[in-house]
Each structure stands twice: as C-alpha cells, then as structure tokens.
Amino acid sequence: MARRRSKRGQGQSNLAWYAVDLHMHTPASKDYHDEGVTFLDILKKAETEGLDIIGFTDHNTVAGYARMMEEIEDLKRWEQDQRLRPEEKSRLDEYRRLTDKILVLPGLELTATFGFHILALFDPETPIRSLEHLLLDLNVPLDTLDHGETEVGTTSDVIHAYEMMAEAGALVIAAHANSTHGVAMFGMNFGGQTRIAYTQDPNLHALEVTDLESKRRRSTASFFNGSKPQYPRRMHCIQGSDAHRIKGEGRNLGVGERATEVFLPEVSFEALKQVFLEEDFGKTRPYRRIEEEIVDQIEEARKKGPTLHQSFHESMTRRGGCLHAIMSDVVAYANTEGGTIYVGLSANQRVKPKGVDNPSQAIKMLQEEIERMITPPIEVKMDATKSQGSQIIRIVVPQGSDKPYVMEGSKIYIRHESETTLAMRDEIVDLVQRVLVEEGVQPSKRREREAEPARERAPQASRERQASQSRQRQPQAAAPVAEAQSQEDERSNGDLSVKPPSTGVEIDETVERKGVKYHTMRDLRDGGKVHNVTRSSARRLWRYAIALKEKGTFSEEKVDWKGDLGLWHKYLRSGRPHYDLVQRTKDGDVRVYYGVSDDGIHGPWQEVVGKQE
C-alpha cells in the first residue's frame, strides 16, 4: 500500500515525504538470488512497500533497466500494430499503471579499484548508450558489459569514478559505506588521508549506510556529522535494501524492505538530486510503512518538536484562536518551504495526545476553512491516524506556486525557524520579487529604500553604507534574486575563516532615529535581511536578540573562546538547547549569532558547543 502517489506531469508542487529505495538489483545481476523473477514482480513489490522512487543498480551493467524498457517498447509497438495478445495487453496495462505510480531510475553499482562499490543513479531521460559508454570509460570490460558480474578486474579508482559519474549527471552514492565493500567500513587497511578522500570528495553526494536506524551512540551518520576536524564535510546518509530478491529472507532484504524517505516538491530525478546538493539534512529520514509504524513517525516528529517544517496544535477550536493559528501555519508553509501540521497533540511528548473526536468531520471543516480564508487557493493533503489511541490529523502543505498567499484577504504569514509570524515589509517585497523573477518578469528598479527622513538625518558614513546596501539589494536583469543574495552572503562572509551557523539571527546594523533604535536583522538560514525592526515590532527570537543588544550585555570576557569561535550563552527554548555564538573576523571585528539551534551547528562549531564526540 503506497501512502502517497506521484504528481508527475501535473506541473504542480506537491511537497511531501516520498519513499525511495535507490539500491536494488534485477535478474541482470549475476548474483541475483530468485529465479523466474520479472520486472513487473519487482515493481509490484515496490508498490506493496509504498515506494515512490526506485533505482535499478545492477553490478557493472545497465542491462536490467535496458531490458525492461525494451520490453515496454515492444509491447507498445505491438499495441500500435494491433498485434497484442490478451496476456501481453494485461502486462502493458500493468506496466503503465505501475510506472505512473513509481519513478524508476536507471543506475549501476560499479566495482571500483580494490573492490569498493559505488552507486550511480541517472535521470530516466539519459540514453542507455550513454550509460554503457560511461561503464566503458570506467574500464568495465566490453565482454562483461551485459553480464552483471560483481568482479570485473581492474576498473577506475574511487575518486576518478566519483568524478566521471558526477560529470555524467549522476547522483553518486557510496554503497553500504560502513559494511563490506564500503568506502568507510571498519578495519579498512588504508591510510587516514585515503579514507578522508573517499568519504569527503565533493563529487560524492551521499553515503548509503546499514545502521541509519541504530540506537548506538557511534553510528556512521553521527561520525560523518561534520564535527570531526579531519571530516569537516557533513554527509547525507541514507539507507537502501540492496535487494537481490523480491521478498527478504534472513539478513538478505527484499525490495523496499530498507528504504529512505525524502522531502520533495515533486517526484523527479532533479528534485531528488537537489536534496543531496543542499545542506539541509532534515529532508531525509528512515522510511517505515504506514500500517506498521506510523505512530512511531508521529512520535519521531514530536521528538524534534516545532521546526521550520512542522508544527503542533492540540486543538482546532475557534475559541482561543486555535483554528486561526492552524490557518496561519498553512499560509506560512505555503509562503516558505512547505511543511506538516499535526492537529490533536502538543509538541510535548510527556503530554498524552488529546486527539480529534470526529476526524472525517474535522478534515472537512479544515478544508472548508482553508478554501474560505486563504487566497489564492492552495491544495493540501489531509489524513487521520492514531497515536497512543488518539486520532491525529496531519495536514501536509506544499510550497506554494502562486505566492504570496494571504489569510483573510490581507495577512501574509511566513515560517521563521519554529515560529509562524506576520511577514514584515522587506519579507513581502522579497516574496513578490522572487515570484517575478521565476515568471521571467524583471522586478521594478524601485527597490525598497530606507525611510527618507531617517536617511536625511543619518550621518554621512551611515548614508553611504545604506546606499551601498541598497545597491547590493538592487535586482539585476540577468541574475535572479537568489543569486544576488548568494553573492551578498559571499561578500558578507568573505572575512570569516569558518562559515556562520545555519540557524538563528544576526543584527547586521543598528541606527537611531528620534530616540528609537532600528535594527537590520539577518536570517542565518538563508541570509535574508529585514530592515527597520524595533524592539516593539520584533518577533520572538528577534526581540530576544535586540534586547541583549540594546542592554549592552555583550562582553568578550564572557565568551568561552576556542580560537576565533566562541560560546556566549547556552539556554533551553521549548525544551531544546539553543546557543548565542560569537565569531572574530579576519579584521578583528566580532559578530554575534543569536538563538542558534542544534540544526545550525556544523563543522568546528560542534566543538564550541561541546557536541564533538
């Protein structure tokens, strides 16, 4: 039973969790265990497991994927010529049904020099001949190209294979990295520099591991979390079945019996690969089938608490503003990156879920409220399931394709860290300009300016700085807003030896007008800036940062320094640790980062907050 189905071909965003198994074999691999298995058998088992994307990764060959596509093309040709027998028509109909529900990616599992295994997954539009040519370039012998041999002699070394695969457009994954034939397996008799290169190479996109769900403290994912000086690059870690049979037997898994969920806007190779090119490590997680462990997933969500992508509401009554808060979250997720709203329980795991009395009626009412209160229309998915005996409603909101979304005709909400707030002026301007760029419309040259009275009274140096910032924010006809922001971030961080944390806020500039202090707040997640924020108009985290700034409580003597990085405060917010961190620039200036959560800690910052193993 599949929990979600692909929206391919509809051209609409459908941001949600999708189940993927990117490592499975077909009878084209010589060591395949089952006899008489067809490609339809594999697809049917994938459907049973609820998979949305699968990868055919036979040993040193693409023959399995090629044979399936040849079979489908033959059936289509015979259909066109009206030569299909009844059993052939049944097979073709089943292929069409299953391939509409499941995206099948062509791929391969290369045996590199010294026996290390590397997965390469490709866009289905990639010609089979191109993949065969790549195998030959990787020194797979021509006479073994269709045999699916696990051992094919001396091929390419690991680093060269990564590079060639990436250049060919592949999603490159180190197969069972912590196990046999894996580049990070224990007891590997190679020097440290070789191990580092094999697991930190920029052309390697992810590690497939066998202990992703392990409760042990020292799992592979925790080792490659970016906290080690020798391994500063945090690695995406996923799991796959490495299926050599349809149904598992003993320790040998079957199709989809160890899979991963990925948070995607759509089911496509491009969307999947983009997840592994980004540094948002919250978009993958172990996959569990609905009928088996959906309650566990709700509890896993509660463990993380409110985040950028999820929120919790114990009630949906109009009284007390509970329904209004849910609608605000729907708008905020549609305007930001999408997310999931849980109704019927709080984020506090110590509190038993209250639940929803009549889920079907509640879902109908929520749908009606969304249609009535939110403009333009936004399609959401809603379902109900049990957690600890109580019925919980889940609302999955996609990132909207027609921003900005408003509630009650005028209220524009956005999601900031774990908080939904009304968008401020600069954020609304940025939303609109991004939409214009995506639609190919050049934004107006009249970019927002600092308030004129303040500009007139500001000191000359401040005016020049504001003018410079205004020019930096000015959209260019040839560059999208995101690219301009990236360039500004690069300039802003160019005097730093370590990248800032990726959550929290920084006060970029403060000016005073008529006795009131106005601050420019910089979001560390995406580098976006909001100007003219006062202590009274600030949202929660901003207000906290501004209060510390205006009280003048910061002193370098209060910082626990480790080189140029330091910890000023550590505190709990919503029961979870947050940090105020400090960094010296190459010029000797000091930058303060407020309210950094664990999600934003990377590389050397791990040691600063005491999380390095």
Under 5 Å between amide hydrogens, which residues at least 5 positions from Val267 or on another chain qualify, with H placed 1.01 Å from N in the peptide plane? Lys7, Arg8
Taking the Cα centre of the chain as the origin, how large is its charge dipole in debye, to the nearest 20, when only Lys and Arg (+1) and Asp and Glu (-1) carry charge on their Cβ atoms? 3160
In what order do Ser219, Ser214 fall by count of nearby beta-carbon atoms within 10 Å, going from fewest to most? Ser214, Ser219
Tell me, what ³J(HN,Hα) does each residue in segment 118-135 have, in order and in whole Hz, if you take phi through Karplus 6.51 cos²θ - 1.76 cosθ + 1.60 with θ = phi - 60° and put x for Gly and Pro? 10, 8, 9, 10, 10, 4, x, 6, 5, x, 4, 4, 5, 5, 5, 5, 4, 4
Burial-style ranking of 169-175, 38-44, average other-beta-carbon count within 10 Å with highest first, yields 169-175, 38-44
Mean Cβ count within 10 Å, highest first, over the residues of peptides 124-132, 514-522: 514-522, 124-132
The ³J(HN,Hα) series, computed from each phi in segment 176-185 with the Karplus coefficients 6.51, -1.76 and 1.60 at θ = phi - 60°, rounded to the nearest Hz and given as x for glycine or proline, is 5, 4, 9, 10, 4, 6, x, 6, 10, 5
Of the peptides 345-353, 160-168, how do they stack up when ordered by the mean number of other Cβ atoms within 10 Å, highest first? 160-168, 345-353
Taking θ = phi - 60°, what integer Hz values does the Karplus form 6.51 cos²θ - 1.76 cosθ + 1.60 yield along segment 304-316, in sequence order, with x for Gly and Pro? 6, x, x, 9, 4, 10, 8, 9, 10, 9, 6, 9, 10
Calculate, for Phe554 and Asp508, the FRET efficiency according to 1/(1 + (r/R0)^6) with r their C-beta to C-beta distance and R0 25 Å; round to the nearest 0.05. 0.95
Cα gyration tensor of segment 48-98, axes a ≥ b ≥ c as square roots of the eigenvalues: rounded (a/c below 1.5), prolate (a/b > b/c) or oblate? oblate
Can you give me the C-alpha center-to-center distance between segment 557-589 and segment 90-108, rounded to a whole angstrom? 52
For segment 500-613, place one equal point scatterer on every Cα, skip the solvent, and apply the Debye formula. What is log10 of I(q)/I(0) at q = 0.14, 0.16, 0.17 Å⁻¹? -0.56, -0.73, -0.83
Computed on Cα atoms, Rg of segment 101-222 relative to 2.2 N^0.38 Å comes out at 1.09
Per 0.36 nm of contour for each residue apart, how much would the distance between Ala547 and Glu270 grow if the chain were fully extended, relative to their Cα-Cα spacing? 95.4 nm
Over the Cα atoms of the chain, what Rg and Dmax result, in angstrom? 26.5, 86
Rg over Rh, two decimals, segment 16-287 (C-alpha only, Kirkwood Rh): 0.97
log10 I(q)/I(0), Debye, Cα-only segment 359-425, no solvent, q = 0.18 Å⁻¹? -0.80
Most exposed to least, judged by fewest other Cβ atoms within 10 Å, Val530, Val592, Val183 sort to Val592, Val530, Val183
With equal scatterers on the alpha carbons only and no solvent term, can you work out the Debye log10 of I(q)/I(0) for segment 296-422 at 0.09, 0.10, 0.13, 0.17 1/Å? -0.22, -0.27, -0.46, -0.81
Taking Lys551 as the anchor, which lysines have their alpha carbon closer than 20 Å to its alpha carbon, excluding any fewer than eight residues away along the same chain? Lys514, Lys517, Lys570
Student exercise: in segment 296-422, how many lysine pairs 8 or more apart or on different chains have Cα atoms under 23 Å apart? 17
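No lab work stands behind these numbers, since they all come straight from the coordinates. Source: prediction; values computed, not measured. Positions of Cβ are generated from backbone atoms using ideal geometry, with glycine treated the same way; all protein chains shown enter the neighbour counts.
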